[in-house]
Amino acid sequence: MKILVVYYSMYGHTLQLARAVAEGAGQVAGVEVDLRRVQEFDAVNAMIDQNDAARSLREQQQSIPVCTVDDLKAADGVVFGSPTRYGNMTAQMKQLFDSTASLWLNGDMEGKPAGVFTSTASTHGGQETTLLTMMVPLLHLGMLVVGVPYSVDGMIHTEARGGTPYGATTIAGGKGELQPPPEDLAIARALGQRVAEITTKVRG
């Protein structure tokens, strides 16, 4: 079974969650995990060129291949990650979804399990709305949406951190100064493992 973890990240927080998701999926026997990044916009790349920190992070991600429609078609299960932009996914991630018309027409994604994850600047910065809106194109593609049950350790809490039943999350801070706590990364690993396990059952 091939699990694809697709993410967009400018400041690195979503990438950290993506790596944790991939780690969790890789713990399932018989599963091969591929990590892919979403293509950046030329206009955003021009801005990144003027920011030392953002440029350094971009360079660190260059070894990760850009996700293609063929990657999505070849996968048995997919987990998508995007930071929030005003309570929604980034335009970069939306462009990837918008490029899947051929997959939708041919039913290539139907029956494939899928999960979602995000990072936000603040506790109430759109974690749940971003995940819920990311699920909409997945349902149009006929995918099987997989969440995180409350039986997962760390899901029931009152601290200002991530973790929702809709997917894995973390809080990046207004200036991206925070790092995902161990609990958030553990939930991300649990999401990856859950998607992988369900994929092996559904498509094995």
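The values are calculated or read from the model by the stated rules, or taken from the named source; none is laboratory data. These figures come from a predicted structure and were not determined experimentally. All Cβ positions, glycine included, derive from the backbone under ideal geometry; neighbour counts span all protein chains shown. In case anyone asks, the SASA skips ligands and DNA or RNA and just uses the protein heavy atoms, side chains included. Shrake-Rupley method; radii C 1.70, N 1.55, O 1.52, S 1.80 Å.
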Flagged pairs (Cβ under 9 angstrom, 6 or more apart or on separate chains; first in the range 114-141, touching a residue at least 40 places away in the same chain (Cβ under 8 Å) and over 18 Å from Leu191 (Cα atoms); second among the hydroxyl-bearing types (Ser, Thr, Tyr) and open to solvent by 60 Å² or more (accessible area, probe 1.4 Å)) are Gly126/Tyr86
If you go through Ser56, Ser82, Ser9, Ser99, the only one that is more than 23 Å from Leu185 (Cβ to Cβ), open to solvent by less than 60 Å² (accessible area, probe 1.4 Å) and not charged (D, E, K, R) is Ser99
Residues of the range 29-45 being in contact with a strand residue (DSSP E or B) (Cβ under 8 Å, 6 or more places away or on another chain) and outside any strand (DSSP E or B), in sequence order, are Val31, Val38, Gln39
Taking the range 102-127 and keeping only residues that are more than 19 Å from Arg203 (Cα to Cα), out of contact with any His (no Cβ under 9 Å at 6 or more places or on another chain), small (Gly, Ala, Ser) and open to solvent by less than 20 Å² (accessible area, probe 1.4 Å), one is left with Gly126
Flagged pairs (Cβ under 6 angstrom, 6 or more apart or on separate chains; first in the range 83-94, under 13 Å from Thr118 (Cβ atoms); second outside any loop (DSSP other than H, G, I, E, B) and open to solvent by 60 Å² or more (accessible area, probe 1.4 Å)) are Gly87/Thr129
